[in-house]
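K.L.:
A single structure is presented below for examination.
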Amino acid sequence: MLAAQKDVPASLCELFIVAQRYSRAVRLTEAVQFSSVFSYRCVARSTHFSIFAKPNSTSIGRLGMTVGKRTAGRAVDRNYMKRAMREIFRRHSGYFAGVDVVIQAKQMFAPGSYWSIEGELLGVLAKLRKKCLVSS
């Protein structure tokens with residue numbers, strides 16, 4: 001569908017779409033990966049989040065998220081929260097480079113509060129970098 005646009009080669013459109021994806025390479029998918037980050041014991045907390053981090057051996061940052069039913073009872077709310085966290089991760093992927101991060105949602109946030117949530121999440125991550133990840 002984007003390839004049909006004028007003045008834009010198909011390969012550039014495909015490259016743009018691939019760059020916007022949350023690929024499997026940047027996700028923590030297995031329980032062992034989550035456990036490894038949790039056991040590293042590097043954590044920072046805020047009103048809405050607990051963020052756990054562990055340096056990894058690659059130049060890519062990887063993200064894992066947990067949003068429990070106690071945090072947001074409805075699936076639609078949990079999915080929105082995860083979508084917002086993924087978008088923040090995608091937009092600021094350079095800031096997460098070389099680090100495995102698990103974001104644990106502690107309190108539900110409203111759909112209209114994206115910008116304040118982004119600021120809070122990046123602020124907590126900066127605090128976490130100073131506290132535990134000094135060499136990165």
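K.L.:
Cβ-Cβ distance below 6 Å, separation of 6 or more or different chains: which pairs start in the stretch 84-104 with a residue that is under 10 Å from Leu63 (Cα atoms) and touching a residue at least 40 places away in the same chain (Cβ under 8 Å) and end on one that is among the hydroxyl-bearing types (Ser, Thr, Tyr) and surrounded by fewer than 18 Cβ atoms within 10 Å (Cβ to Cβ)?
P.N.:
Arg86/Tyr22
K.L.:
Name the pairs whose Cβ atoms lie under 6 Å apart, with the first residue in the stretch 114-126 and in contact (Cβ under 8 Å) with a residue 40 or more places away in the chain and over 15 Å from Val43 (Cα atoms), the second surrounded by 14 or more Cβ atoms within 10 Å (Cβ to Cβ) and among the aromatic types (Phe, Trp, Tyr), and 6 or more positions between them or separate chains?
P.N.:
Going by the 6 Å Cβ cut-off, the qualifying pairs are Ile117/Phe109.
K.L.:
Evaluate the following for Tyr80: is it touching a Pro at 6+ places or on another chain (Cβ under 8 Å) and touching a residue at least 24 places away in the same chain (Cβ under 8 Å)? Spell out how you get there, then give the answer.
P.N.:
Values: touching a Pro at 6+ places or on another chain (Cβ under 8 Å): yes; touching a residue at least 24 places away in the same chain (Cβ under 8 Å): yes.
Judged against the criteria, Tyr80 is a match.
K.L.:
Still on this model: At pLDDT 90 or above and over 23 Å from Arg129 (Cα atoms), is that true of Arg24?
P.N.:
Values: at pLDDT 90 or above: no; over 23 Å from Arg129 (Cα atoms): yes.
When the stated conditions are applied, Arg24 does not pass them.
The values are calculated or read from the model by the stated rules, or taken from the named source; none is laboratory data. Quick caveat, the model's predicted, so the values are computed rather than measured. Cβ atoms come from the backbone with ideal geometry, glycine included; neighbour counts cover every protein chain shown.
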